[in-house]
Amino acid sequence: MCGIAGILNKAFSASTDTRLIERMLATIEHRGPDGWGTYSSDGIHLGHVRLSIVDLSGGHQPMMTDKYVISFNGEVYNHIELRAELESLGATFHTTCDTEVIIKAYEQWGMDAVKKFNGQFAFLLWDRQEKRLIIARDRYAIRPLYVLNHQGAIYFASEIKAFDPIPGYRRELDMDNLFEHALFWNTLADKTVYKNIRSVPGGTYEIYSTDGLSVQERYYSLGESTPDLPANFNAACAELRETLKDATRLRLRSDVPVGAYLSGGIDSSVITHLVSQINRERLQTFSVAFEDDDFDESSYQQDMIRQLSSEHYELKISYKMVEENFYNVIHHTDRPLFRTAPVPLYLLSDAVRKAGFKVVLTGEASDEVLWGYDSYKELKLLQFWAKHPESKLRPQLIKRLYPHLKHFNDPRQFGLMRMYYEGFLDSYDNEMASLNIRVSNNSILKNYFNRDRKVVLDKEKLLADVKETLPKDYYDWSLLQRNQYMEMRTLLSGYLLSSQGDRMSMAHSVEGRYPFLDHRLIEQSFHYPAAYKMHVLSQKHILRETFRKDIPASIIDRPKLPYMAPDLKSFFAGGTLSERASDLLSEKKLKDYGVFDSTMVNRFISKYERNVPEKLGYRDNMLICFLLSTQYLLDAPPTIKVSPLSPELRTVTIADHV
Amino acid sequence: MASDIQEALLDFVCNSFFVQRDDFDHSDSLIDQGVIDSFGLVEIAAFMEKKFGIKVTENDMIREYFGSIHKMERFIELKMSGEIK
């Protein structure tokens, strides 16, 4: 796991660009504190900061062969099998590292090589003879890759902050993109919240000549395979167990120790169970607990720890810790947030690193892949509703939607819920699937934008933009399969894997690995009958039944609780808005940056300075996080590190000039 | 001329959900316009009970009564006059 950077510049200046690539790398040094290197040739610079996990003594980057040079971030887990295949075809290797496998695979198979990789990666590969740059990103956008066009040059980096040292460049928020980000919690397609910065979509590669982008190709699309379906539910359970176990086994490949996160839910419990089956050594587990009982899941975590007999580390999170670390988190995400939930994960990766671990496995993405989110239930309910408008079952079904929400215990509140969902009967089965509900809930944020900015909620345009991004098979899929696509392309890749995943673990030089994101598992399960994944309204049904005998009953059958941290309460912990937050939301700063309406913001703050109620709704928690994180991004100085990278850690310097 | 009921409703909605009166259409659904989420409906029902001394039952929770400011106003009037039990 590492950080990468590159510059493609026809108006090449060897000395200026060499210094610049080092300054870009310095801003993402946290991604790779174990060593760094650079490559330069006419018109191209590549840089790399390394977190060494595989082949600790070899594997330095950028890595060069006679034809190619690569700067690579991530893991190709099946590198051992690919190496054997390539050797049988005549390839020879000088390291035991997966980086070299990527180069040799490209030499052998060209761009088809990426289809053979099982892993999480982003890379920049320079063809020294053809003078072209090939860049690619893994199928599900686990590892990041951003591209900036600026004054005739093209810049590439693992994190947006790496562009800050570019002379004459200053990040600028794009208001339309910012509002789109607010509606979806991510921007669509390859957009980011900043002007001129793109995020390379997952499952794509791009080829650049020295004149710029020449080829853009999607090499993977969800549901593209046509696997043989298991004969019945039991056979599907057996297949799921086998594939998930193999996905976990591959993700334990490492030359450094591997730990695991435990959330108290079924997903991480299943992964830790599988690790304990594969590895007989005592497992090190890590978890987050909360002082506020409303968020705490430690009793479930303890049930699993007892079963695993793992060496366990628990980090207890207070309101104060959330508030104090929120801004460091925004520094790392480089984009506005809507929840404080990444903060505990930021602090946990620090603890993981201090405990001597660089790699952790987590249960991320099970909710998307095996239909664990409420959005799947909501759509199923709306489908039933549209089909049976007079059914007497409707109130019962609504009750089953949110068993964990205490404020729906009062039976008359179900009437309100019913009414709320009725509003989506006309739209729920259009291309946006459950994003209709998300957009509706989040559109409240529009009222907080400065009216001069003229942000517009145009639902027809949003729908048209979404349609632009759809794969060709989309209309052959069921509504819940479509929803899986939407969840994976918006919230998972743009928020959970980046702001809550990659950026939070890499902030402290820790690599997250996600067995549920093995493409074999995703492709198999995508085509399973819907009832395997959602049985009536029971989510992740197949996962529960497959591992029912392996996981404590308290965890298998517990209602799903979304992972959350205290949001608004953390910023009003002393009864008034905290000092830092007050400064960011001051009349002066709101006016200086001009993004938000100061009257509306002041009204919001005044309400909570009078009283913070025990129970808070989705919207106000989202609002405070969005306001503060956006203001922080506008207020913070560019990320320019004064201290350069340590010369002692320099492992590679290649000057490849003709 | 807005009625006292409508005034009270608008005050509550504007203060609780941080909107201004001209931010939204008073004849259209507050949910569909993004003024409130489902939690907001819970708050409005509680406000009606407290402010107007009416009892909001599960059967009352329909869009015909709760769909917009104007519909809510009408609902409160009907409840207070006993036309809806």
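If I filter region A:493-546 down to residues being within 20 Å of the chain's Cα centre (by Cα) and charged (D, E, K, R), which single residue comes out as surrounded by the fewest Cβ atoms within 10 Å (Cβ to Cβ)?
A:R520
Considering every residue within region A:550-564, establish whether at least one is under 21 Å from A:T243 (Cβ atoms) and not β-branched (V, I, T).
So far as region A:550-564 goes, yes, one or more of its residues are under 21 Å from A:T243 (Cβ atoms) and not β-branched (V, I, T).
Please verify whether region A:125-134 includes one or more residues that are within 28 Å of A:L497 (Cβ to Cβ) and not aliphatic (A, V, I, L, M).
yes
How about region A:104-145: which of its residues are β-branched (V, I, T) and either in a helix (DSSP H, G or I) or touching a Ser or Thr at 6+ places or on another chain (Cβ under 6 Å) (or both)? Before you say what the answer is, go through the steps one by one.
Step one: filter region A:104-145 for residues β-branched (V, I, T), giving A:114, A:134-135, A:142.
The answer is A:V114, and nothing else.
In region A:458-476, which residues are surrounded by fewer than 18 Cβ atoms within 10 Å (Cβ to Cβ) and hydrophobic (A, V, I, L, M, F, W, C)?
Narrowing region A:458-476 to residues surrounded by fewer than 18 Cβ atoms within 10 Å (Cβ to Cβ): A:458-461, A:463-465, A:467-476.
Within region A:458-476, A:L463, A:A464, A:L470 qualify.
With (1) crowded, with 24+ Cβ neighbours inside 10 Å; (2) of a type in the set (A, V, I, L, M); (3) in a strand (DSSP E or B) as the list, and A:L148 as the residue in question, which single condition is left unmet?
Failing condition for A:L148: (1).
Any idea how many residues of region A:590-608 are more than 9 Å from chain B (Cβ to nearest Cβ) and more than 13 Å from A:K569 (Cβ to Cβ)?
The qualifying residues number 12.
Just checking: which of the strands (runs of 3 or more DSSP E) contained wholly in region A:25-88 hold 1 or more residues that are surrounded by 20 or more Cβ atoms within 10 Å (Cβ to Cβ) and without any contact (Cβ under 8 Å) to a residue 60 or more places away in the chain?
Numbers: elements: A:35-41, A:44-50, A:68-76.
The qualifying strands (runs of 3 or more DSSP E) are A:44-50, A:68-76.
Is it true that A:R513 is at pLDDT 95 or above and closer than 24 Å to A:E217 by Cβ?
So A:R513 does not fit the description; no.
Looking at the structure I just gave you, is A:V322 assigned to a strand (DSSP E or B) and touching a Ser or Thr at 6+ places or on another chain (Cβ under 8 Å)?
no
Looking only at region A:356-375, decide whether some residue is within 14 Å of chain B (Cβ to nearest Cβ) and aliphatic (A, V, I, L, M).
Taking every residue of region A:356-375 in turn, none turns out to be within 14 Å of chain B (Cβ to nearest Cβ) and aliphatic (A, V, I, L, M).
Residue by residue, here is whether (1) more than 16 Å from A:H30 (Cβ to Cβ); (2) assigned by TED's automatic domain parsing to the domain that holds A:S158; (3) modelled with pLDDT of 90 or more holds:
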residue	(1), (2), (3)
A:M321	yes, no, yes
A:V352	no, no, yes
A:V359	no, no, yes
A:E390	yes, no, no
A:L401	yes, no, no
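In the list A:S221, A:S254, A:S263, A:S214, which residue meets the criterion of being under 30 Å from A:G58 (Cβ atoms) and either more than 26 Å from the chain's Cα centre (by Cα) or part of a loop (DSSP other than H, G, I, E, B) (or both)?
Working: A:S221 fails: under 30 Å from A:G58 (Cβ atoms); A:S263 fails: under 30 Å from A:G58 (Cβ atoms); A:S214 fails: under 30 Å from A:G58 (Cβ atoms).
Answer to the selection: A:S254.
Please enumerate the residues belonging to region A:412-440 that are under 28 Å from A:L590 (Cβ atoms) and either surrounded by fewer than 21 Cβ atoms within 10 Å (Cβ to Cβ) or at pLDDT 90 or above (or both). Please lay out each step first, then the result.
Here is the first cut: in region A:412-440, the residues under 28 Å from A:L590 (Cβ atoms) are A:438-440.
Within region A:412-440, A:R438, A:V439 meet the criteria.
Can you tell me which residues in region A:211-247 are in contact with a strand residue (DSSP E or B) (Cβ under 7 Å, 6 or more places away or on another chain) and of a type outside the set (G, A, S)?
Listed by number, the residues that qualify are A:L213, A:V215, A:Q216, A:E217, A:R218, A:Y219.
Which residues, taken from region A:610-635, are surrounded by fewer than 13 Cβ atoms within 10 Å (Cβ to Cβ) and either more than 14 Å from every other protein chain (Cβ to nearest Cβ) or outside any loop (DSSP other than H, G, I, E, B) (or both)?
A:R610
Pull up region A:416-451, narrow it to residues that are of a type in the set (D, E) and outside any helix (DSSP H, G or I), then point me to the one that is farthest from the other protein chains (Cβ to nearest Cβ).
A:E431
From the list A:L370, A:L262, A:L283, A:L308, which residue is free of Cβ contacts under 8 Å to residues at least 60 places away in the same chain and crowded, with 24+ Cβ neighbours inside 10 Å?
Matching residue, one of A:L370, A:L262, A:L283, A:L308: A:L262.
The values are calculated or read from the model by the stated rules, or taken from the named source; none is laboratory data. These numbers were taken from a predicted model, which means no experiment stands behind them. Neighbour counts run over all protein chains shown; Cβ positions are idealised from the backbone, glycine included.
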